[in-house]
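One structure is given here, and the rest of the page talks about it.
The values are calculated or read from the model by the stated rules, or taken from the named source; none is laboratory data. What you see is a predicted model; the values in this text were computed from it and never measured. Every residue, glycine as well, gets a Cβ built from its backbone with ideal geometry; the counts of neighbours run over all protein chains shown.
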Amino acid sequence: MPQSTQLTSMQTTALVIMRLLIGWHFLYEGVLKLYTPSWTSKGYLLSATYLESFFQSLAGESLISTVDTLNIVALLLVGATLILGFKTQLGSLIGIGLLLLYFLAHPPFPGYPQGPTEGSYWIVNKNLIEAAALLVIFLFPTSLSFGLERIFSKKQIQTQAH
């Protein structure tokens, strides 16, 4: 049976940098949407090319306000957890879920229209790649190396020692 290996400080640093960059991306997107009063996900949802009826139902008048609010809250929450290094595994899971919803609304599958993108994609796009990166962050949490959880864990250890 293979022995578990410890991450090197370089590997941990790379994971922390990835966590912070993805956290910044989520936080920025959430703040931008929060402070843009005219922003809504309605157009994105109505233009879904896969699972159209599901995404179009989310864009309905009775739900769109809630969907927009949940989207902003999720973006802010994921960004904050990743940047602060607190509850990063929970933030990673929420981020993965959100990105998979974005991916499924406009997947780069053969035969489906791509819609407005920064490039051409085939099966894999930036949403799927960022979701995979969040899975890595979930599997290799770095909060105890760099983040608020490190501070809290030291306080707990000191409290238990006394």
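Conditions (1) over 30 Å from S9 (Cα atoms); (2) of a type in the set (D, E, K, R), marked per residue:
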residue: F54; (1), (2): yes, no
residue: A74; (1), (2): yes, no
residue: L82; (1), (2): no, no
residue: T88; (1), (2): no, no
residue: I94; (1), (2): no, no
residue: Y121; (1), (2): yes, no
residue: S143; (1), (2): no, no
residue: R150; (1), (2): no, yes
residue: S153; (1), (2): no, no
Can you find, within segment 88-97, the residue that is nearest to E149 (Cα to Cα) among those that are surrounded by fewer than 22 Cβ atoms within 10 Å (Cβ to Cβ) and in contact (Cβ under 8 Å) with a residue 24 or more places away in the chain?
Q89
Helices (runs of 4 or more DSSP H) completely within segment 6-71 that count 1 or more residues being of a type in the set (K, R) and over 17 Å from the mean Cα position of the chain (by Cα):
42-46
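Condition test on A80, is it in contact (Cβ under 8 Å) with a residue 24 or more places away in the chain, small (G, A, S) and either exposed (fewer than 14 other Cβ atoms within 10 Å of the Cβ) or in a helix (DSSP H, G or I) (or both)?
yes
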Given (1) aliphatic (A, V, I, L, M); (2) out of contact with any Phe, Trp or Tyr (no Cβ under 7 Å at 6 or more places or on another chain); (3) modelled with pLDDT under 95, identify the lone condition not met by L90.
(3)
Scan segment 155-162 and tell me whether some residue there is within 23 Å of G91 (Cβ to Cβ) and modelled with pLDDT under 85.
yes
Filter pass, L128 being touching a residue at least 24 places away in the same chain (Cβ under 8 Å) and more than 25 Å from Y35 (Cα to Cα):
yes
